[in-house]
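Participant: Next up is a structure, given as structure tokens.
The values are calculated or read from the model by the stated rules, or taken from the named source; none is laboratory data. Source: prediction; values computed, not measured. We place every Cβ from the backbone using ideal geometry, glycine too, and count neighbours over all the protein chains shown.
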Amino acid sequence: MFRRVYVELLRKNLILASFAVGRGKSGTINRGTRVLALQHPYELRNPSHPGSSVPTAINSLATLLRERSVRASFVAADGIKLLVPLISPASTQQSIQLLYETCLCIWLLSYYGKAVEYMATTRVLPRLVEVVKGSTKEKVVRVIVLTFRNLLSKGAFGAQMIDLGLPQIVQSLKAQAWSDEDLLEALNQLEEGLRDNIKRLSSFEKYKQEVLLGNLDWSPMHKDPGFWRENITNFEENDFQILRVLVTILDTSSDPTALAVACYDLSQFIQYHPAGRIVATDLKAKERVMKLMNHENAEVRKNALLCVQRLFLGAKYASFLQP
């Protein structure tokens, strides 16, 4: 009983403190609030009493992050990565409240460019999608949908949302009986935005996003001859940027699937581009691919061999080699 009273008093005092020290006479936020914002990531990293201090810190952050300068301080303190694990399906009333306030923090951060850039490197989006799929709590769904709406036009988030099946999830959410008009409006706007994204996102744009994010997988376009014939000249954009990234993946990735797909795509480029062999050689692709011929994974070895064969044979004979 004493602990509950203490936590509640602490929670209220933190919020009151944020307002008391947060604004001067001019109404601008001062150093005191920024200090509080920096203290909360520490409390999330090293909670003195996880059952109470983490919810208290999140509750306070949900208030403090309304201020732009606090968002900057929080991101600089590497606070976002501490929020990500808290985005998970909840069942008890206490955990639902913690989830809601965590998502509220993410929504507030979605208005800050550097926070959005950081979120793009985390699993924030997949986790939000997972939560919204199964949540029946209206306020949780609302704040997540509003976050999706904010992120939709930022970077590669639109393509990721489509890949994660969000258009179908939105359809399912719209079929439910929500009473919140803001939620219904946000769902309609999100649905329209996703529809526009699908129209705008050509097969090559989707491929490009996949490569730039390093999320290479055996999606249908990789083995579709029509895709390569129709889009081969697009690989010339930005001084063969996509090809350069594929070569970099060969050097840096530890994912066998990504390595196998990168080798295969390079071999396809060599086959379909008139100067494919020359370009790939200039980018030092041969040396990198040859190293992978001894990879422990059979799929990587197979596609590395195919790529090396096409590098040596060139486009004229490459079509005779079957993957």
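Participant: From ALA76, ALA90, ALA72, ALA57, which residue is touching a His at 6+ places or on another chain (Cβ under 7 Å) and of a type in the set (A, V, I, L, M, F, W, C)? Walk me through it before giving the result.
Facilitator: On the way: ALA76 fails: touching a His at 6+ places or on another chain (Cβ under 7 Å); ALA90 fails: touching a His at 6+ places or on another chain (Cβ under 7 Å); ALA72 fails: touching a His at 6+ places or on another chain (Cβ under 7 Å).
Going through ALA76, ALA90, ALA72, ALA57 in turn, just one is touching a His at 6+ places or on another chain (Cβ under 7 Å) and of a type in the set (A, V, I, L, M, F, W, C): ALA57.
Participant: Still on this structure: Only one of LYS133, LYS139 is in a helix (DSSP H, G or I), in the same structural domain as ILE87 (by TED's automatic domain parsing) and at pLDDT below 95. Can you tell me which?
Facilitator: LYS133 is the lone residue from the list that is in a helix (DSSP H, G or I), in the same structural domain as ILE87 (by TED's automatic domain parsing) and at pLDDT below 95.
Participant: Is there a residue in the range 74-94 that is modelled with pLDDT of 90 or more and over 21 Å from the mean Cα position of the chain (by Cα)?
Facilitator: Looking for residues that are modelled with pLDDT of 90 or more and over 21 Å from the mean Cα position of the chain (by Cα), one finds none in the range 74-94, hence no.
Participant: Here's another thing I want to ask about it. Which residue, of LYS139, LYS81, is within 27 Å of GLU191 (Cβ to Cβ) and among the charged types (D, E, K, R)?
Facilitator: LYS139
Participant: Which one of these is of a type in the set (Asp, Glu) and modelled with pLDDT of 95 or more: GLU299, GLU230, GLU210, GLU236?
Facilitator: That would be GLU299, the only listed residue that is of a type in the set (Asp, Glu) and modelled with pLDDT of 95 or more.
Participant: Something else now. Return the residue satisfying two criteria in turn: it lies in the range 109-135 and is among the polar types (S, T, N, Q) and within 20 Å of LEU213 (Cα to Cα), and of such residues it is surrounded by the most Cβ atoms within 10 Å (Cβ to Cβ). Full working, then the answer.
Facilitator: Let us first name the residues in the range 109-135 that are among the polar types (S, T, N, Q), namely 110, 121-122, 135.
If we keep only those that are within 20 Å of LEU213 (Cα to Cα) as well, we get 110, 121-122.
Numbers: SER110: 21, THR121: 10, THR122: 14.
Here the answer is SER110.
Participant: Quick check: is even one residue across the range 241-251 among the basic types (Lys, Arg), surrounded by fewer than 19 Cβ atoms within 10 Å (Cβ to Cβ), modelled with pLDDT of 95 or more and assigned by TED's automatic domain parsing to the domain that holds ARG288?
Facilitator: Within the range 241-251 (the criterion being among the basic types (Lys, Arg), surrounded by fewer than 19 Cβ atoms within 10 Å (Cβ to Cβ), modelled with pLDDT of 95 or more and assigned by TED's automatic domain parsing to the domain that holds ARG288), the answer is yes, since at least one residue qualifies.
Participant: Only one of TYR111, TYR100 is in a loop (DSSP other than H, G, I, E, B), on the phi < 0 side of the Ramachandran plot and either modelled with pLDDT of 95 or more or acidic (Asp, Glu) (or both). Can you tell me which?
Facilitator: TYR111
Participant: Could you check LEU259 against (1) more than 22 Å from ASN294 (Cα to Cα); (2) crowded, with 18+ Cβ neighbours inside 10 Å and say which number it fails?
Facilitator: Here LEU259 meets the rest and fails (1).
Participant: Is it fair to say TRP228 is in the same structural domain as PHE269 (by TED's automatic domain parsing), within 30 Å of LEU266 (Cα to Cα) and not in a helix (DSSP H, G or I)?
Facilitator: The answer is no for TRP228.
Participant: Among the candidates LEU151, LEU164, single out the residue that is of a type in the set (A, V, I, L, M, F, W, C), surrounded by 18 or more Cβ atoms within 10 Å (Cβ to Cβ) and touching a residue at least 12 places away in the same chain (Cβ under 8 Å).
Facilitator: LEU151
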